[in-house]
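Right, one structure below, let's go through it.
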């Protein structure tokens, strides 16, 4: 490798190279301290780097401190990092004591370059690139050790993964670590439990969260908002079963292409009828379409549903409300003619954008055009020509709408390409929030037809879409976005009404009743506690407004209002305050 990084390399690529080199330094440190550990893989990632190790005993926090100290020694040793290549036989001989490396070598195609990087006594199979000396890696920190299946499959052995982060300067590292501390405070999996939005139970199972009253209330508010908005846009509400016979999934292709992700009820080998919980709603809503004959005059036909779905996610993928096994989604399927497709796709996208802007999440999203992987065509239905047509059609629509997307090869659904609206949690982990898909396959499989203007039978195009995505995931992102301090229109409790002393209890009780009549979500606090204690408690619960009533308020017929942000109390009439809350709710104001 050249003595210096190429000056034309982007800052992003340069940082990735630095982090990749940090992962090698970490692996070298681990091998020095724990010689029997076996090496797996160690890439740079958007949020730092990691390396997977096969070790009999997982690494402890004390082990991470030792490894980090050894990494600093290696950096100071200023070891030269050199690239070299070997023939397959020589490569296998070099890595004969590293089973994961030999597995990777054996999978390389004939004629593929097999490259290695060496620094001091440490050599690793790697395509690179790397910095030229270990001393270039100065500002780094090991973050955590966790379990990770080899190659991401729970069928493989569980390895130990060490995460770290590296930057060019100490200031950049310290800024990142400070941001990570803030992320921990906002982590929905921690904050959501502390604020009692949700909980979990080992008796119920992993990936099956329990929404507590606060969380359930926010989900209810979101569902009402979504269903009312969709109705105003011409969507027709359906309610379909949570399960179906295997026959339905065999027609749709889920039985052949998605069985591992489904919960099956019964034994397919011995039972006459086998059922499965639904992983998505599309084949059910198709039955609604098939309820009667359809004409082009019926199209576009838009079905929506607040759908509870079940997916057998891998145990290692579970995380709070972000990835669960039972969840509820704002699902919809739209049947249309070819000439209606682009306009309806645009309408679906505009609906999703409206939802995201209303929730305050729009600025955090990115777009991914998810395509099939021709090298893994058994994963999909349809021919290469079918996919070229479907993806070409979708590309034309996305380009015409000027959507700034990235391409995700292999991320398509098994029945069609899709536009995924991506979003990151506070730790930088990216997930799909909203999906809009074009499907030209399943209508013919289910015999879905319409009669066109010339009297010919045609298969409609289908758009699969969500408008707000998975409600549980959206709740998690909102908890993190607002650090639990929800906008007034979404806050589980909008106002806490408090008495200064026992003699004010009747007055504040009447105030609370009037607010409830006006549709405000209010809690009454007449406990015989100091008012400062009550206010601090309400602020910790992130309640938007606190109303305090004492002698002066009773005499004047007013209330004293305090925002959760603090500052001076404001005196106003009850009618004025109710109008203020109602205005924030009607306008769906995001900041108070």
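A few points about this structure:
Yes/no per residue for (1) part of a helix (DSSP H, G or I); (2) modelled with pLDDT of 95 or more:
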residue: 355; (1), (2): yes, yes
residue: 370; (1), (2): no, no
residue: 376; (1), (2): yes, no
residue: 385; (1), (2): yes, no
residue: 388; (1), (2): yes, no
residue: 392; (1), (2): yes, no
residue: 395; (1), (2): yes, no
residue: 402; (1), (2): no, no
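- Among the residues of region 542-559, those identified as touching a strand residue (DSSP E or B) at 6+ places or on another chain (Cβ under 9 Å) and crowded, with 19+ Cβ neighbours inside 10 Å are 543, 544, 545, 546, 547, 548, 549, 553, 559.
- Of note, residue 529 does not satisfy the criterion of being part of a helix (DSSP H, G or I) and either within 40 Å of the chain's Cα centre (by Cα) or without any contact (Cβ under 8 Å) to a residue 12 or more places away in the chain (or both).
- Filter result for residue 453 (assigned to a loop (DSSP other than H, G, I, E, B) and either in contact (Cβ under 8 Å) with a residue 12 or more places away in the chain or in contact with a helix residue (DSSP H, G or I) (Cβ under 9 Å, 6 or more places away or on another chain) (or both)): yes
Residue-by-condition table, conditions (1) exposed (fewer than 13 other Cβ atoms within 10 Å of the Cβ); (2) farther than 25 Å from residue 541 by Cβ; (3) in contact with a strand residue (DSSP E or B) (Cβ under 9 Å, 6 or more places away or on another chain):
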residue: 162; (1), (2), (3): no, yes, yes
residue: 171; (1), (2), (3): yes, yes, yes
residue: 175; (1), (2), (3): yes, yes, yes
residue: 181; (1), (2), (3): yes, no, no
residue: 192; (1), (2), (3): no, no, yes
residue: 196; (1), (2), (3): no, no, no
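- The number of residues in region 248-297 being part of a helix (DSSP H, G or I) and in contact with a helix residue (DSSP H, G or I) (Cβ under 9 Å, 6 or more places away or on another chain) comes to 17.
- Residue 352, sole failed condition from (1) in contact (Cβ under 8 Å) with a residue 12 or more places away in the chain; (2) within 21 Å of residue 423 (Cβ to Cβ); (3) surrounded by fewer than 19 Cβ atoms within 10 Å (Cβ to Cβ); (4) in contact with a strand residue (DSSP E or B) (Cβ under 7 Å, 6 or more places away or on another chain): (3)
- Condition met for residue 580 (in contact with a strand residue (DSSP E or B) (Cβ under 9 Å, 6 or more places away or on another chain), within 23 Å of residue 357 (Cα to Cα) and surrounded by 12 or more Cβ atoms within 10 Å (Cβ to Cβ)): yes
- Only one of the listed residues (473, 465) is part of a helix (DSSP H, G or I) and within 28 Å of the chain's Cα centre (by Cα). That residue is 473.
A quick yes/no check of all residues on (1) in the same structural domain as residue 23 (by TED's automatic domain parsing); (2) in contact (Cβ under 8 Å) with a residue 12 or more places away in the chain:
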| site | (1), (2) |
| --- | --- |
| 129 | yes, yes |
| 132 | yes, yes |
| 137 | yes, yes |
| 145 | yes, yes |
| 156 | yes, no |
| 160 | yes, yes |
| 164 | yes, yes |
| 167 | yes, yes |
| 177 | no, yes |
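The values are calculated or read from the model by the stated rules, or taken from the named source; none is laboratory data. Note that the structure is a prediction, hence the values are computed from the model and not measured. Note that we place each Cβ from the backbone using ideal geometry, even for glycine, and neighbour counts take in every protein chain shown.
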